[in-house]
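> Structure below; questions to follow.
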Amino acid sequence: MSNTQDVLIIGGGPAGLAAALALRQHGMTVTVADSFAPPIDKPCGEGLMPDGVAALARLGVHLPPTEGFAFRGIRFVSGDQSVAAGFPIGRAIGARRTVLHDAMVKQAECAGVHFLWRSVVSAWSRDGAMVNGKLFRARWFVGADGSASRVRRWAGLDRHLCKHRRFAYRRHYRIAPWSDFMELHWGPGCQLYITPVAREEICVVLISQSPQLRLDQALSAFPEVHQRLKNCDISSVERGAESVTRKLARVCAGNVALIGDSSGGVDAITGEGLCLAFKQAEVLATSLQTGNLRTYQSAHRRLAIRPSNMARLMLLLENREWLRRRTMQAFERRPQLFAGMLATHVGSSTPLDIATNGLALGWRVLTA
């Protein structure tokens, strides 16, 4: 293969496709290589928050209304406690991962991205990558090959500042959504995420620290959900994946950069993985166009601050039941506190709003 491309992206999932779309918007020639063929599935919560929908739209991707389900907010449930709030602006959408991938591939094809599906990248150096046993040369290389990234290891970027993992299992059920909210149910050492993904289908994800805990076993700890699902048809097999919180010392070196899960990640409890990758793609494209990856490194760190802080808060509530109960009491008594937290979660709050809501929530929790 001749050196005809500006960028070779290794990994054709949503992160790699987002990078390809953003790079094409900047006029760069792009090839994406992946060992699988579309549509590529992966266990995830399948919900895009409003800021994720907006970031996807900036890349030119609009999910077909008939292929997803719009939801208006988030509901927290912990035992007999429950609180819900709508998004302050924008809309969220739940859609099967395969639907999202198919829409992104079609847009990338229209944008002029070249694909090498069912192609194995077996080695990499700054001179080129071995794709199906042949050398592929490019000016830049992007690792979008997931949490267990080989590109990260090949480029010497596998030094971690922190790493924490949990385990997620996903299954779909054939049932009309009973709510226009995404629901997060707290249980003993685990959580259930429930996302409406179609008019007659929902996605249920279990997240815990145990790789042995599966949905059938865990559902008994969630009576409300168990009652709704016990007679429903199952529309997909149960699939599992690791949910890794990862912070790397660096996400770029020389002529290689990492994006998406290969570049780090936040716990799946935030539901921010896809949105984070889409935003990373935008700043990566600008950095590669100017030839300055240092700007991508700093922007990558800045983008991770909000979802990382939210993940720490959510995991703190998981590990301390007394704190979760007091926090839920505060939310029930003053629903605007939960609405403020949700606004922070989707990036609609100013620093002053965040500080004010945080102080008010802290005071309510202490005095609950």
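All of the numbers you see were taken from the coordinates with simple rules; none came from a lab. Predicted model, so just to flag it, every value in this text is computed and none were measured. Counting neighbours? That spans all protein chains shown, and the Cβs are built from the backbone with ideal geometry, glycine included.
> Run the dipole for the range 53-171 about the Cα centre, Lys and Arg Cβ at +1, Asp and Glu Cβ at -1, nothing else charged, and hand back the magnitude in debye, nearest 20.
The calculated dipole for the range 53-171 is roughly 360 debye.
> Expressed as a rounded percentage, what relative contact order does the range 1-75 have, with Cα pairs under 8 Å and six or more residues apart?
28 percent
> Of Thr286, Ser35, Gln25, which is farthest along the charge dipole of the chain in the positive direction, counting Lys and Arg as +1 and Asp and Glu as -1 at C-beta?
Sorting the options by dipole projection puts first Thr286.
> Here's another thing I want to ask about it. Each residue of the range 298-304 in turn: what ³J(HN,Hα) in whole Hz from Karplus with 6.51, -1.76, 1.60 and θ = phi - 60°, glycine and Pro shown as x?
Values, residue by residue: 5, 5, 4, 5, 5, 5, 7 Hz.
> Placing +1 at every Lys and Arg Cβ and -1 at every Asp and Glu Cβ, with all other atoms neutral, what dipole size does the chain have around its Cα centre, in debye to the nearest 20?
On the way: 45 positive and 29 negative charges, 195 e Å.
So the dipole magnitude of the chain works out to roughly 940 debye.
> Hey, if you put +1 on the Cβ of every Lys and Arg and -1 on every Asp and Glu Cβ in the chain, which of Phe338, Trp322, Gly112 ends up farthest toward the positive end of that dipole?
Trp322
> Mind checking which aspartates and glutamates have their C-alpha under 18 Å from Lys106, skipping anything on the same chain fewer than 8 residues away?
Filter leaves Asp34, Asp41, Glu67.
> On to the next question. Can you list the HN-Hα couplings for the range 229-243, worked out from phi with the Karplus curve (6.51, -1.76, 1.60; θ = phi - 60°), rounded to whole Hz and with x for Gly and Pro?
9, 4, 10, 8, 6, 8, 10, 7, 6, 6, 10, x, 7, 7, 10
> Could you tell me what percent of the DSSP beta bridges with both partners in the range 1-113 are antiparallel, to the nearest 5? Before the final figure, lay out each step's value.
Values: 11 of 15 bridges.
Antiparallel: roughly 75 percent of the beta bridges in the range 1-113.
> Fewest Cβ neighbours within 10 Å first, please rank Arg159, Arg170 accordingly. All intermediate terms of the calculation are to be shown ahead of the outcome.
Values: Arg159 9, Arg170 26.
In increasing order of surrounding Cβ atoms, one gets Arg159, Arg170.
> For the range 1-66 and the range 226-275, compute the distance between their C-alpha centroids and round to whole Å.
The two parts, judged by their Cα centres, are 16 Å apart.
> A follow-up question, please. Can you tell me the relative contact order of the chain? Whole percent, Cα pairs under 8 Å, sequence separation 6 or more. Kindly include the intermediate steps, with their values, before the conclusion.
Working: 774 pairs, mean separation 80.6, N = 368.
Here the relative contact order equals 22 percent.
> What aspartates and glutamates sit close enough to Lys247 to cross-link, taking a C-alpha to C-alpha distance under 19 Å and skipping anything fewer than 8 places away on the same chain?
Reachable aspartates and glutamates: Asp145, Asp158, Asp261, Asp267, Glu272.
> Collect residues whose amide H, placed 1.01 Å from N in the peptide plane, falls under 5 Å from the amide H of Gly265; neighbours closer than 5 in sequence don't count.
Those lying under 5 Å, H to H, from Gly265 are Arg246.
> Still on this model: At a 10 Å Cβ-Cβ cut-off, how would you order Cys203, Cys110, Cys232, Cys190, fewest neighbours first? Before the final figure, lay out each step's value.
Values: Cys203 27, Cys110 11, Cys232 14, Cys190 20.
In order of increasing Cβ crowding within 10 Å: Cys110, Cys232, Cys190, Cys203.
> Place a point 7 Å from Cα of Arg214 in the direction of its Cβ. Which residues in the range 163-206 have their backbone N less than 15 Å from it?
168-172, 206
> Which residue fluctuates most in the GNM of the chain (Cα springs below 10 Å): Gly146, Gly254, Gly68?
Greatest mean-square fluctuation among the candidates belongs to Gly254.
> Can you give the charge dipole size of the range 276-350 about its Cα centre, rounded to the nearest 20 debye, using +1 on the beta carbon of Lys and Arg and -1 on the beta carbon of Asp and Glu?
Numbers: 12 positive and 4 negative charges, 53 e Å.
Computed about the Cα centre, the dipole is about 260 debye.
> Collect residues whose amide H, placed 1.01 Å from N in the peptide plane, falls under 5 Å from the amide H of Glu201; neighbours closer than 5 in sequence don't count.
Those lying under 5 Å, H to H, from Glu201 are Ile175.
> What's the Cα-based Rg to Rh of the chain, Rh via Kirkwood? Spell out each step's value before the answer.
Numbers: Rg = 20.6 Å, Rh = 21.2 Å.
My calculation of the ratio gives 0.98.
> Please turn the phi angles of the range 182-197 into ³J(HN,Hα) values with the Karplus equation 6.51 cos²θ - 1.76 cosθ + 1.60 (θ = phi - 60°), one per residue in order, whole Hz, x for glycine and proline.
6, 10, 10, 9, 8, x, x, x, 7, 9, 10, 9, 10, 10, x, 10
> At 222 nm, what value in deg cm²/dmol follows for the chain if DSSP H runs of at least 4 each add -39500 (n - 2.57) and the sum is divided by all its residues, to the nearest 500? All intermediate terms of the calculation are to be shown ahead of the outcome.
Values: 11 runs with 138 residues, N = 368.
Taken over the chain, the calculation gives -12000 deg cm²/dmol.
> Let me ask something additional. Specify the residue with the greatest mean-square fluctuation among Leu274, Leu21, Leu323, computed from a Gaussian network of the chain linking alpha-carbon atoms under 10 Å apart.
Among Leu274, Leu21, Leu323, the largest GNM mean-square fluctuation belongs to Leu323.
> Using the 10 angstrom Cβ neighbour count as an exposure proxy, how do Ile89, Ile259 rank, fewest first? Let's see the in-between values first.
Numbers: Ile89 12, Ile259 31.
Ascending number of Cβ neighbours within 10 Å: Ile89, Ile259.
> Please name which of Val142, Leu219, His164 has its Cα lying farthest along the dipole of the range 109-240 towards the positive end, using unit charges on Cβ (Lys, Arg +1; Asp, Glu -1) and the Cα centre as origin.
Val142
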